[in-house]
Amino acid sequence: DSQGLLDSSLMASGTASRSEDEESLAGQKRASSQALGTIPKRRSSSRFIKRKKFDDELVESSLAKSSTRAKGASGVEPGRCSGSEPSSSEKKKVSKAPSTPVPPSPAPAPGLTKRVKKSKQPLQVTKDLGRWKPADDLLLINAVLQTNDLTSVHLGVKFSCRFTLREVQERWYALLYDPVISKLACQAMRQLHPEAIAAIQSKALFSKAEEQLLSKVGSTSQPTLETFQDLLHRHPDAFYLARTAKALQAHWQLMKQYYLLEDQTVQPLPKGDQVLNFSDAEDLIDDSKLKDMRDEVLEHELTVADRRQKREIRQLEQELHKWQVLVDSITGMSSPDFDSQTLAVLRGRMVRYLMRSREITLGRATKDNQIDVDLSLEGPAWKISRKQGVIKLKNNGDFFIANEGRRPIYIDGRPVLCGSKWRLSNNSVVEIASLRFVFLINQDLIALIRAEAAKITP
């Protein structure tokens, strides 16, 4: 340690004396230049200043320069700069370095460098423990000891998950023959709370011997808890250790309900025409004897619904005079019949719209927008504007259609853009967003209109 401290102090004193000599030379040059009256050129310092290197950089630089430079007698590595201080890790290395040379240790084999992690438990065990809880294992063990039948256990025991019969069998065999699983399961079951264990034991299935003893209690008798308590005292080996008189009474009542007692026989179904069906039993019910329970909430809901329906009917009756177009379904290929009020018909594949006023609007009806001709009754009209166009009848008997929507209207294949209008003739094909209609004119009624117009304007 003393030798290392001595070497570091010599290095520090050497660098300090060198820096003082360089500063004195620079001061002499500056004074001589000022005496001569010349301004020296600005240049950078001749000292080669390096930042402090990290340990790994020091090792790499020393390895790179060891081939060109020889190592000095002081024992300092040649790759380190004279102005940089040795790092703390290197000081420790120097202080701990022995005086005698140490032979290099052989390089370890590449296969031994990585540690092999040994799994404590197989993956199947950890995966299996995720679904099977300790309570499930205890339920399974108790049920199998009672019934000795895995199928009955699968049907009668309610586990925390829905296990299949195969999963129940595999778990039971694993508890029996797999030492790892059985050891882990026993450790987990020992950590259960006594109350949890008592609750699990109370759910144990009844064995055949227990049900045989319970079936001897007559169905006509009225057994009390003392009767079942006496049964427990007389047959302590036959009943499970967690059985109580109340549990025996509940199971006896269940057996009585399903006619499983010894003095009970299952009644056969009646045969012949005297079998009472549901409709006959319903006819025998006297409605006057049934209690009429008033439900105030239901009556309030019915009153509100009735008020709402009457309001809608009144609103439709008020709007009846606004409907200028009647929609009828087409039931065949026959031509539409014109009456004395129908000026024209816009006929589609599914419905037909009757024009009974001199001006009607076409489009897609919504809650906020009511129009005369709702094109959504013909087909998908989500591409059609709410007010797509207007059909007008002039005084001279000519029909014109004006486009007020964003999409063009095609009349006999010719597009009518937004803001434009076109004359409609009889049998004109009107196409709006892939919906096609045929415009049919009531020629007799239009002829009368033209005649009246000619009389007014001589």
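The values are calculated or read from the model by the stated rules, or taken from the named source; none is laboratory data. Quick caveat, the model's predicted, so the values are computed rather than measured. Using ideal geometry, Cβ is built from the backbone for each residue, glycine included, and neighbour counts are taken over all protein chains shown. Only protein heavy atoms, including side chains, enter the accessible area calculation; ligands, DNA and RNA are left aside. Shrake-Rupley method; radii C 1.70, N 1.55, O 1.52, S 1.80 Å.
Descriptive notes on the structure:
- In the set (1) in contact with a Lys or Arg (Cβ under 6 Å, 6 or more places away or on another chain); (2) under 21 Å from Gln341 (Cβ atoms); (3) outside any strand (DSSP E or B), Ser376 fails one condition alone, (2).
- Per-region count, segment 164-198, residues over 18 Å from Ala242 (Cβ atoms), open to solvent by less than 50 Å² (accessible area, probe 1.4 Å), in contact (Cβ under 8 Å) with a residue 12 or more places away in the chain and not charged (D, E, K, R): 8
- Residue ID - surrounded by the fewest Cβ atoms within 10 Å (Cβ to Cβ), chosen from residues in segment 338-364 that are of a type in the set (Gly, Ala, Ser) and within 52 Å of the chain's Cα centre (by Cα): Gly348
- Selected residue (criterion: most open to solvent (accessible area, probe 1.4 Å)) from residues of segment 426-458 that are modelled with pLDDT under 90 and among the small types (Gly, Ala, Ser): Ser434
- All positions within segment 212-225 that are under 16 Å from Thr244 (Cα atoms) and open to solvent by 70 Å² or more (accessible area, probe 1.4 Å): Leu225
- Filter result (in contact with a helix residue (DSSP H, G or I) (Cβ under 6 Å, 6 or more places away or on another chain) and open to solvent by 30 Å² or more (accessible area, probe 1.4 Å)) within segment 243-262: Gln249, Glu262
- Filter result for the condition that a residue is surrounded by fewer than 15 Cβ atoms within 10 Å (Cβ to Cβ) and either touching a strand residue (DSSP E or B) at 6+ places or on another chain (Cβ under 9 Å) or within 30 Å of Ala454 (Cβ to Cβ) (or both), over Arg407, Arg414: Arg414
- Within the set Ile371, Ile391, the sole residue that is without any contact (Cβ under 8 Å) to a residue 24 or more places away in the chain, aliphatic (A, V, I, L, M) and open to solvent by less than 40 Å² (accessible area, probe 1.4 Å) turns out to be Ile371.
- Check on Phe228, modelled with pLDDT of 90 or more, touching an Asp or Glu at 6+ places or on another chain (Cβ under 7 Å), open to solvent by less than 30 Å² (accessible area, probe 1.4 Å) and not small (Gly, Ala, Ser): no
- In summary, Tyr240 fulfils each of the numbered conditions (1) within 24 Å of Ala135 (Cβ to Cβ); (2) open to solvent by 90 Å² or more (accessible area, probe 1.4 Å); (3) outside any helix (DSSP H, G or I) with the single exception of condition (2).
- Residue check for Ala402: of a type in the set (A, V, I, L, M, F, W, C), modelled with pLDDT of 85 or more, closer than 30 Å to Lys455 by Cα and open to solvent by 10 Å² or more (accessible area, probe 1.4 Å): yes
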